[in-house]
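**Q** This is the structure I want to talk about, given as structure tokens.
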Amino acid sequence: MSLTTAHSVVAPSAGSKRIAGAIIIAYALISIVPLLWIFATSFKTPPDSIAYPPKIVFQPSIEGYCNLFTTRTRQTPEYINSLGPATGFCDETVRKRNMVIAGPSNFLPRFLNSLIIAFGSTFCAVFLGTLSAYGFSRFKVPLADDLLFFILSTRFMPPIAVAIPIYLMYRELGLSDTALGMILLYTAVNVSLAVWLLKGFIDEIPREYEEAAMIDGYTRLQAFWRTVLPQATTGIAATAIFCLIFAWNEYAFAALLTSGTAQTAPPFIPTIIGEGGQDWPAVAAGTTIFLVPILVFTILLRKQLLRGITFGAVRK
Amino acid sequence: MAEIRVQHLRKAFGDFVAVQDSNFVVEDGEFFVMLGPSGCGKTTTLRMIAGLELPTGGQILLDGEDVTMLRARERDIAFVFQLFALYPHMNVRKNIGFPLLAQGKPSAEIRTRVEETAKLLRIDHLLNKSVSGLAGGDRQRVALGRAIVRRPKCFLMDEPLGTLDTEFRDLMVHELRELHNRIHATTVYVTHDQMEAMSMADKIAVMNHGVIEQFGSPREIYDRPATVFVADFIGSPPMNFLKFGGGLAKGAREIVVQGATVAVPEVREDIAPADMALGIRPEHIRFDDASKLRGAIYGTEYLGTTQIVAVETADGIIKARVPAEIRLNAGDHVGLALNSARLSLFDRGSGRAVKTAIHDTASERRARHG
């Protein structure tokens with residue numbers, strides 16, 4: 001350090017910065033390698049995907065994606081030759097393996113189920129969470145501390161611990177294998193997180209803003225809408241990401257409670273393995289597509305997410 | 001504009017009584033300041049007038065109309081908060097126009113009125129700026145603009161200068177008073193700063209522990225403090241107290257303090273023997289070796305035109321404000337001569353001021369006015 005600059009006691013030294021950087025890079029590599037491997041596998045042919053030693057360099061193919069979106073039947077070469085020319089790239093690829101496309105697979109509807117259930121439950125959890133958090137933050141709620149503790153206590157055990165009662169309940173109520181049932185379930189699990197996170201954010205917004213708006217002639221609801229919500233957007237975005245990540249990735253309940261019409265992508269993707277041999281490229285393709293929405297959503301809101309994680313650590 | 005009448009106002013939070021039996025009238029166009037230490041109930045009183053808190057008892061009349069239980073938005077008042085409460089997601093123009101938007105005014109009218117207001121406050125060049133980038137004084141002006149723009153019945157201000165730098169503060173005190181002189185809006189202003197109160201107010205209410213200790217003009221409060229608390233709270237340095245005992249007879253013109261006979265304003269009531277105190281403003285003390293009231297110089301604070309001299313007497317430190325030219329050395333023995341016409345007498349038990357000739361002028365003047 002030169003003589004002209006003061007030595008800071010809080011700023012990390014160059015050496016420790018370098019060590020920290022190295023650790024972060026190592027961790028990032030360890031985390032990203034499986035993702036890259038899945039991404040690469042999705043563009044391999046089935047023989048390449050199980051080749052030993054594993055192939056790093058390979059001829060890319062979209063066979064995995066073709067297999068993911070279609071169901072196929074095996075036919076004799078004579079039958080295939082009797083057909084007209086291939087109608088598309090996938091058709092051509094499949095015929096090389098003595099198969100013809102029989103129809104679309106279930107992947108697209110399952111993926112749509114995932115989108116509807118995850119975004120639907122996230123919206124409900126954040127909507128209810130914002131209103132409850134505002135209530136807890138601003139009004140004298142009788143037994144507020146006990147209620148908040150009760151809300152938190154619903155997260156003390158893993159949600160799957162109540163799987164059997166919920167399974168029985170849903171069967172009786174006719175909610176099994178319905179999108180509504182899954183939205184209700186994920187909302188119930190997420191709303192506690194949403195209330196707690198959002199209460200912290202709303203507590204930080206001085207109540208003078210609403211008081212000023214109420215004196216200026218607005219009702220409380222208008223004041224909430226016009227002054228609190230715009231300032232709580234960061235908190236709402238961060239909470240929405242956390243809720244969405246849970247609902248999007250949830251496997252256990254989805255596997256237990258959905259099997260057909262309302263099945264989400266996580267329990268569906270493993271079932272691809274069984275269809276016509278171990279089709280790893282198709283599984284990898286499904287996984288890759290499955291990662292896209294959450295990746296986009298997280299990148300769009302990454303600033304808010306960061307604030308959500310470090311929330312409370314630094315006072316403004 | 002309107003008159004604000006507060007009658008038997010009371011507010012309790014559980015067992016804690018924040019405001020007890022407050023009574024005062026703010027006349028139309030008056031600049032009224034509630035002054036007191038933090039936690040004295042001044043802000044609570046203000047919030048009750050605004051409708052942000054509901055009173056436990058009593059009445060608030062705005063222009064003769066009972067508004068005690070009305071919602072804030074139904075009262076037609078404007079409130080300036082200590083932290084300004086400017087909406088960070090709106091620019092200056094939208095912030096100022098926000099109350100008019102609530103009234104459903106057409107956008108052309110909002111535009112003209114916002115611009116008029118901005119011109120009045122000399123912030124018209126800032127209208128399209130974001131509020132987060134503004135300097136303290138300008139934020140204050142925007143907050144004032146939001147209050148002025150709707151032409152309310154009265155303005156309520158909760159320590160609006162509390163967060164400003166000293167430099168801005170002096171400027172804003174001046175501007176606020178000037179603004180008041182121009183628009184003559186009934187204003188209730190809460191502060192703990194006596195300088196702000198004395199320089200801006202038409203009337204001051206000094207509060208302590210939820211009770212209004214004295215209500216009057218700044219001059220009355222300074223010259224004729226009604227209680228020991230007021231005498232001690234107002235003035236820098238505050239009033240000096242010398243203890244003495246015994247009763248006072250109506251018509252008495254002198255008392256004995258520390259063996260010295262001191263002439264006082266003629267006493268107007270009989271006081272049974274009790275613990276008493278003589279109150280002396282620092283500027284009403286002169287050094288006079290002939291005086292029997294004596295002490296030793298303890299220290300001096302040089303202030304340019306005057307100096308504050310601390311004198312150690314048998315009854316503790318007394319502070320005198322004397323011309324700066326007088327040369328004094330610590331340890332010097334001096335005699336203290338008091339300006340008899342301006343002294344106050346207090347009953348130390350109740351804290352109440354004894355009625356003396358200094359109160360005559362007040363009642364005479366009030367009689368002439370009435």
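**Q** Evaluate the distance, in nm, between pseudo-label points positioned 7 Å from the Cα of B:K355 and of B:D170 along their respective Cα→Cβ axes.
**A** Distance between the two pseudo-spin positions: 4.3 nm.
**Q** Identify, among B:G304, B:H359, B:G331, the residue whose Cα sits farthest towards the positive end of the charge dipole of the stretch B:238-369, taking +1 on the Cβ of Lys and Arg and -1 on the Cβ of Asp and Glu, with the dipole about the Cα centre.
**A** Toward the positive end, the furthest listed residue is B:H359.
**Q** Got the relative contact order for chain A handy, in percent, Cα pairs under 8 Å and 6 or more residues apart?
**A** 25 percent
**Q** Moving on. Quick one: dipole size for chain B, taken about the Cα centre, charges +1 on Lys/Arg Cβ and -1 on Asp/Glu Cβ, in debye to the nearest 20.
**A** Numbers: 46 positive and 47 negative charges, 179 e Å.
Using only the charged Cβ atoms, the result is roughly 860 debye.
**Q** Now for a different question. Set Lys and Arg Cβ to +1 and Asp and Glu Cβ to -1, take the dipole of the stretch A:108-309 about its Cα centre, and tell me which of A:T154, A:P281, A:T122 lies farthest positive.
**A** It is A:T122, whose Cα lies furthest towards the positive end.
**Q** I've got another one for you. Which FRET efficiency value, to the nearest 0.05, is calculated for B:K243 and B:N181 with the Förster distance at 56 angstrom and r the Cβ-Cβ distance? Show your work: numbers first, answer last.
**A** Details: r = 44 Å, r/R0 = 0.78.
The pair B:K243/B:N181 has a calculated efficiency of 0.80.
**Q** Between B:S340 and B:R122, what's the calculated FRET efficiency when r is the beta-carbon distance and R0 is 56 Å? Round to 0.05.
**A** That pair, B:S340 with B:R122, gives E of 0.70.
**Q** Only loop residues by DSSP count here, and only those with at most 12 other Cβ atoms within 10 Å; note down the trypsin sites (Lys or Arg not before Pro) in the stretch B:115-206 that meet that. Walk me through the numbers before you get to the answer.
**A** Details: sites: B:K119, B:R122, B:K129, B:R139, B:R141, B:R146, B:R150, B:K153, B:R169, B:R177, B:R182, B:K203; in loops: B:R122, B:K129, B:R150, B:K153.
Taking the stretch B:115-206 and a limit of 12 other Cβ atoms within 10 Å, the loop trypsin sites (Lys or Arg not before Pro) found are B:R122.
**Q** Go through the stretch A:117-183 and name the chymotrypsin sites (Phe, Trp or Tyr not before Pro) that are in a DSSP coil and have 14 or fewer other Cβ atoms within 10 Å of their Cβ.
**A** Filter output for the stretch A:117-183: A:F139, A:F156.
**Q** With r as the distance between the Cβ atoms of A:I116 and A:R155 and R0 = 22 Å, compute the FRET efficiency 1/(1 + (r/R0)^6) and round to 0.05.
**A** 0.35
**Q** Quick one: length gained pulling A:A255 to A:F139 fully straight, 0.36 nm per residue minus the C-alpha distance?
**A** 37.7 nm
**Q** Going toward the positive end of the dipole of the protein assembly as shown, with +1 on Lys and Arg Cβ and -1 on Asp and Glu Cβ, which of A:G235, B:A260, B:S217 do you reach last?
**A** A:G235
**Q** Continuing with the same structure: Determine ³J(HN,Hα), in whole Hz, for all residues of the stretch A:104-110 in sequence, where each value follows from phi through the Karplus function 6.51 cos²θ - 1.76 cosθ + 1.60 and θ = phi - 60°; x replaces Gly and Pro.
**A** Values, residue by residue: x, 7, 7, 4, 4, x, 5 Hz.
**Q** I'd like the mean, over residues of B:15-26, of how many other protein chain beta carbons sit within 10 Å of each residue's own Cβ.
**A** 0
**Q** Okay, next question. Starting from the 7 Å offset along Cα-to-Cβ, what nm value, one decimal, do you get for the label separation of A:T73 and B:S199?
**A** 9.5 nm
**Q** Along Cα→Cβ, 7 Å out, is where each label goes; now give me the distance between the ones at B:S38 and A:L173 in nm to one decimal.
**A** That separation, rounded to one decimal, is 5.0 nm.
**Q** Let me know the charge dipole size of the protein assembly as shown about its Cα centre in debye, to the nearest 20, where only the beta-carbon of Lys, Arg (+1) and Asp, Glu (-1) is charged. The partial results should precede the final answer.
**A** On the way: 69 positive and 65 negative charges, 291 e Å.
The dipole magnitude comes to about 1400 debye.
**Q** Another question, then. Could you grab the relative contact order for chain B? Cα pairs under 8 Å, six or more apart, rounded to a whole percent.
**A** In percent, rounded to a whole number, it is 15.
**Q** Just the isolated ones, please: cysteines in the protein assembly as shown lacking another cysteine beta carbon under 4.7 angstrom.
**A** A:C124, A:C243, B:C40, B:C154 - these cysteines have no disulfide-compatible partner (Cβ-Cβ under 4.7 Å) in the protein assembly as shown.
**Q** If you restrict to DSSP beta bridges whose two residues both lie in the stretch B:4-223, what percentage is antiparallel, to the nearest 5?
**A** Percent antiparallel among DSSP bridges in the stretch B:4-223 is about 55.
**Q** OK, next. Loop only by DSSP, 16 or fewer other Cβ within 10 Å of the Cβ. Give me the trypsin sites (Lys or Arg not before Pro) in the stretch A:85-134 that pass, ordered by residue number.
**A** Filter output for the stretch A:85-134: A:R97.
**Q** For peptide B:75-84, compute the average count of partner chain beta-carbon atoms within 10 Å of each residue's beta-carbon.
**A** On the way: counts 2, 2, 2, 3, 6, 2, 6, 2, 4, 2.
Taking the mean over all residues of the peptide, I get 3.
**Q** Taking the Cα centre of the stretch A:108-309 as the origin, how large is its charge dipole in debye, to the nearest 20, when only Lys and Arg (+1) and Asp and Glu (-1) carry charge on their Cβ atoms?
**A** Using Cβ point charges on Lys, Arg, Asp and Glu, the stretch A:108-309 gives about 240 debye.
Throughout, read-outs are computed from the coordinates displayed, never taken from laboratory work. Keep in mind that this is a model prediction, so the values were computed, not measured. A quick note on method: Cβ atoms are made from the backbone with ideal geometry, for glycine too, and the neighbour counts reach across all protein chains shown.
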